[in-house]
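The values are calculated or read from the model by the stated rules, or taken from the named source; none is laboratory data. Owing to the predicted nature of the structure, the values given are computational and were not obtained by experimental measurement. Cβ: placed from backbone, ideal geometry, glycine included. Neighbour counts: every protein chain shown. Surface areas here come from the heavy atoms of the whole protein model, side chains and all, with no ligands, DNA or RNA. Shrake-Rupley method; radii C 1.70, N 1.55, O 1.52, S 1.80 Å.
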Amino acid sequence: MLETEKRWLKLYPDQIAKNVYYRADTLPQLLKYAASEYPKHKAIHFMGKEITFKTLYKQTLQLAVFLQSLGVKKGDRVAVMLPNIPQTVISFYAILQVGGIVVPVNPLYQEREIEFIMKDSGAKAIITLDLLYNRVEKVKEQTNLEHIIVTSIKEYLPFPKNIVYPFIQAKEQGKPLTIPSAKATHLFTKAIKTKATDLQEVPISFEEDIAILQYTGGTTGFPKGVILTHQNLVANTSMCRQWLYKMEKGKEKMLAVMPLFHVYGLMTVLVLSVMEVYKMILVPKFDVTGLLKTIDKQKPTVFPGAPTIYIGLMNHPDISKYDLSSIKGAISGSAPLPVDVIEKFEEKTGGKIVEGYGLTETSPVTHVNFLWDNEIVKGSIGVPWPGTDAAIFSLETGEILPVGEIGELAIKGPQVMKGYWNNEEETNKVLKDDWLLTGDIAYMDENGYFYIVDRKKDIIIASGFNIYPREVEEVLYEHPAIMEASVVGVKDSYRGETVKAFIVMRKGMTVTEEELDQFMRRRLASFKVPRIYEFREELPKTAVGKILRRQLKKESEEENE
């Protein structure tokens with residue numbers, strides 16, 4: 001195999017090292033250092049309440065002791081199904097502290113999605129919200145779950161919000177929310193009342209021990225658990241730290257609107273903020289007006305996000321009423337970032353925003369445009385991060401292609417996953433001689449900038465979330481009136497892409513779009529539910545009867561031109 005020529009290194013400004021440098025500190029060690037060196041520094045801001053690094057570390061140890069009392073041992077999987085609240089941060093580090101493996105779960109997931117991840121990961125316990133308890137309880141008997149730890153948003157709200165919140169919650173639910181008393185159900189508030197000094201130390205291998213199982217969709221319709229070690233996450237976070245060289249340790253404020261159950265939010269907020277002692281400004285739900293108010297009042301300086309978030313902010317009719325000038329830098333991931341949004345953002349904030357690229361299997365970032373000292377190359381995902389190698393592989397021969405030629409983008413580096421959980425077959429398909437085959441079709445220009453041309457996989461990226469057509473199609477096929485179904489992603493000015501379903505009905509049967517929408521929402525997270533339905537007499541197929549999804553996608557694109 002040919003060696004790669006790392007042309008992009010010539011573009012690096014002097015402030016960015018050409019390799020990645022980091023100490024072999026596990027994730028719990030990073031929090032311990034932050035708490036010992038900056039004990040009074042604010043770690044979290046949440047809806048008006050602030051928590052210091054000292055308090056965060058203490059509560060992490062207390063929850064860790066409680067987990068050990070439940071029998072959680074090294075290597076056990078513990079799921080975290082929470083929005084961006086302080087309990088998420090505490091849970092993440094507590095699980096790792098006892099040598100456990102964190103399994104992040106999207107709070108929007110419905111029973112069938114939760115059940116699959118619990119079964120596949122073999123999770124022993126789950127930490128979740130009272131609002132989500134019923135969903136988890138319904139699947140408990142079909143899984144290995146032994147314990148459910150329940151928390152409420154009100155527990156970390158300041159006075160008087162903590163008093164008012166239960167009334168708002170009861171009004172929204174139609175009745176007061178109560179958690180039934182059960183042997184295997186535990187309250188988070190009691191869990192953090194244990195003695196931190198009772199913790200039994202657990203040795204953790206930086207290079208070998210798994211930190212998280214991050215589930216991503218599969219082209220077969222089944223999610224796959226991506227194995228990421230402490231080294232994977234620390235390495236990628238260290239690359240990020242080097243890229244943000246104008247940011248100062250202990251002085252920045254991180255706007256945490258990207259979901260912490262998403263690997264990008266997890267790396268940039270949960271890990272980077274602790275590594276660099278930033279204050280995390282936690283935003284539990286994306287609301288454009290609320291986010292503008294938060295920026296205006298809390299003055300964040302670092303703002304990782306997805307195009308949907310930035311588009312929503314820049315198009316808000318009252319944006320001129322808010323001061324956004326505190327933002328120094330923003331890195332957008334998950335989908336292409338429109339040029340006009342970049343221009344508006346930089347005009348409104350005075351800061352810089354650039355587009356990057358990554359995937360769950362790379363912890364997640366591999367490429368980003370330069371924030372400072374270099375011009376942004378429009379249409380490009382940027383250049384590889386320090387310590388990251390990238391190449392274009394021939395789809396025919398597997399050889400590395402020269403500059404300008406189109407092939408499959410491959411990545412090599414310390415952030416590349418160890419493989420898929422209990423799925424050697426899928427692992428062997430994408431890991432070849434230390435290279436990760438991304439499934440994205442791309443090319444590199446003569447300067448070392450990379451460009452995505454197309455996706456080899458049929459993945460849909462809507463509002464930063466990965467959606468796999470096969471999974472949505474399988475749910476559609478469960479409806480008794482549907483004979484055939486195919487799902488594609490179509491361009492959407494706000495979400496980047498949105499889900500469109502093509503339907504062929506069974507003879508003599510009917511169903512409305514509204515009925516289908518309700519049917520799908522009971523079975524899938526809302527972001528996966530088709531926004532557009534098109535009913536047809538038949539769907540285009542190959543000679544062997546395979547539905548031509550790409551043709552349907554092309555037809556949809558032509559209709560929208």
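Here are a few things to note about the model shown:
- Distance between the stretch 265-317 and the stretch 495-561 - C-alpha centres, whole angstrom: 34
- Listed residue pairs exceeding 29 Å between alpha carbons, taken from Lys73/Lys528; Lys10/Lys378; Lys507/Lys554; Lys246/Lys412; Lys40/Lys328: Lys73/Lys528
- Size of electric dipole in the stretch 211-315: Cβ of Lys, Arg +1 and of Asp, Glu -1, about Cα centre, debye, nearest 20: 200
- Packing-based ranking, highest mean first, of 403-413, 514-524, 273-283 given that Cβ atoms within 10 Å are counted: 273-283, 403-413, 514-524
- Placing a pseudo-label 7 Å from each Cα along the Cα-to-Cβ vector at Asp14 and Arg536 gives an inter-label distance of 6.0 nm.
- As a length-normalised measure over Cα pairs under 8 Å and 6 or more apart, the relative contact order of the stretch 1-136 settles at 21 percent.
- Largest accessible area first, the residues Lys507, Lys321 order themselves as Lys507, Lys321 under a 1.4 Å probe with ligands, DNA and RNA left out.
- Accessible area per residue (1.4 Å probe, heavy atoms of protein chains only) ranks Asp287, Asp318, Asp209, Asp434 as Asp434, Asp287, Asp318, Asp209, with the largest value leading.
- Check: the stretch 197-255 dipole with +1 on Lys, Arg Cβ and -1 on Asp, Glu Cβ, in debye: 500
- Dividing the summed -39500 (n - 2.57) terms of all DSSP H runs of n ≥ 4 by the residue count of the chain sets its mean residue ellipticity at 222 nm at -8500 deg cm²/dmol.
- Note on the chain: antiparallel DSSP beta bridges, both residues inside, total approximately 60 percent of the bridges counted.
- Share of carbon and sulfur in the accessible heavy-atom surface of the chain [1.4 Å probe, %]: 50
- Counting DSSP beta bridges with both ends in the stretch 252-378, the antiparallel % (nearest 5): 20
- Nonlocal amide H pairs with Leu228, under 5 Å, H built at 1.01 Å: Ala211, Ile212, Gln214
- Comparing Ile460, Ala442, Phe527 along the charge dipole axis of the stretch 438-533, the residue lying farthest to the positive side is Phe527, per the Cβ-charge model.
- Mean separation of Cα pairs under 8 Å and 6 or more residues apart, divided by the residue count, gives the chain a relative contact order of 13 percent.
- Per residue, the accessible area of the stretch 431-479 comes to 40 Å² when a 1.4 Å probe rolls over the protein heavy atoms.
- Within the full protein context, the accessible area of Glu473 is estimated at about 20 Å² for a probe radius of 1.4 Å.
- Where both bridge residues fall in the stretch 44-148, DSSP classifies roughly 25% of the beta bridges as antiparallel.
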